[in-house]
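I have placed the structure first, in the form of structure tokens, so that the comments after it can refer back to it.
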Amino acid sequence: MSRPDDTTDFGYEQVPWSQKARRVGAVFSSVAKNYDLMNDLMSLGVHRLWKRFAIDLAAVRPGERVLDLAGGTGDLASAFARACGDDGVTVLADINAEMLREGRARLLDRGVARVPLVQANAEDLPFESAFDCVTIAFGLRNVTDKAAALRSMRRALRQGGRLLVLEFSHPADPALKRLYDTYSFGVLPVLGRLVANDEAAYRYLAESIRKHPDQEALRRMMAEAGFERCQYYNLTGGIVAVHRGWRL
Ligand code: SAM
């Protein structure tokens, strides 16, 4: 959706609505090659546990059709492809061609070959009642129009299907929040400079997390988009949360 007169956040910066997708695209094109290494360094490997939790909660069964949206390097898609088996299908979608290329290489390295790739914007998915399960991991906060994306994901689900959103969120404990802020704004950008030669991209990461709706706000947004039985699970004290809702 184009809203030429409005601005929106790109981290702590306000940018024209129409420019956010391009700016986010530049961030992920820049970090695509180092993306996995940086994820491991930044989270000390804990992102694998967060993803494992989301994969278990998705509980994909043989024969199901799954869409892993903003799937980037394919961590969730490879697990879903195994779980849905030969009778099901897992589609990996992302707006960014470089991330999809990395994803395809990573899937092949893991011996997963049957995952169709689709370049698509979460706000306007080319799917209608097509999937039993849609997931978006660490992707929603990068989307310009999150409400449109949630509606589009709901449309992509068949009746009875579920959406899982794994995303950075807001720790409730003040001491943990202070520690996390120090780490995010003190350590992360330095790691970004040293490892990926891109301090700005990792500053954007820290800022975009702060701008993302908190647990309750995202739950409300999901309900407003038409999802039912919406609930969330806090991980690592709320640094990350998994939201789940159903199209009923
Ligand atoms: N899901 C992967 C993971 O957890 O490792 C990748 C997450 S990465 C932090 C965020 C991804 O969201 C990037 O691959 C980016 O290209 C994608 N993305 C950003 N905006 C998007 C949009 N509007 N529609 C679809 N994907 C988008």
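So who's got an amide H within less than 5 Å of the one on H170, skipping anything under 5 residues away but keeping other chains? H placed 1.01 Å off N, in plane.
Amide H neighbours of H170, under 5 Å, 5+ apart: Q215.
From largest accessible area down, sort F131, F168; use a 1.4 Å probe on the protein chains. Write out the running numbers ahead of the final one.
Numbers: F131 10, F168 30 Å².
The ordering from most to least exposed comes out as F168, F131.
Estimate the FRET efficiency between E228 and D86 by the formula 1/(1 + (r/R0)^6), using the beta-carbon distance for r and 41 Å for R0, to the nearest 0.05.
Given R0 = 41 Å and the Cβ-Cβ separation, E is 0.85.
So how much accessible area does W246 have, in Å² to the nearest 10, using a 1.4 Å probe?
Roll a 1.4 Å probe over it and W246 shows about 50 Å².
Taking 22 Å as R0, compute the FRET efficiency from the Cβ-Cβ separation of L44 and E216 and round it to 0.05. Show your work: numbers first, answer last.
On the way: r = 28 Å, r/R0 = 1.26.
Efficiency at R0 = 22 Å is approximately 0.20.
Could you rank D6, D36 by how accessible they are, 1.4 Å probe, largest area first?
Numbers: D6 65, D36 35 Å².
The most accessible residue leads, giving D6, D36.
Counting only heavy atoms of the protein chains, get the accessible area per residue of the chain (1.4 Å probe) and round it to a whole Å² value. If you can, show how the numbers build up before the last one.
On the way: 11200 Å² over 248 residues.
Per-residue value: 45 Å².
Figure the gain on full extension for K33 and L57 (residue separation times 0.36 nm, minus the Cα-Cα span) and round it to one decimal in nm. Before the final figure, lay out each step's value.
Working: separation 24, 0.36 × 24 = 8.64 nm, distance 2.88 nm.
Extra length available between K33 and L57 comes to 5.8 nm.
Computing the accessible area with a 1.4 Å probe over protein heavy atoms, can you report the carbon and sulfur percentage for the chain? Intermediate values should be presented prior to the final figure.
On the way: 5880 of 11200 Å².
After summing per-atom areas, the C and S share lands at 53 percent.
The values are calculated or read from the model by the stated rules, or taken from the named source; none is laboratory data. Just so you know, these numbers come straight off a predicted model, no measurement behind them. Neighbour counts are summed over all protein chains in view; Cβ atoms, including those assigned to glycine, are modelled from backbone coordinates with ideal geometry. All accessible areas refer to the heavy atoms of the entire protein, side chains included, with ligands and DNA or RNA removed. Shrake-Rupley method; radii C 1.70, N 1.55, O 1.52, S 1.80 Å.
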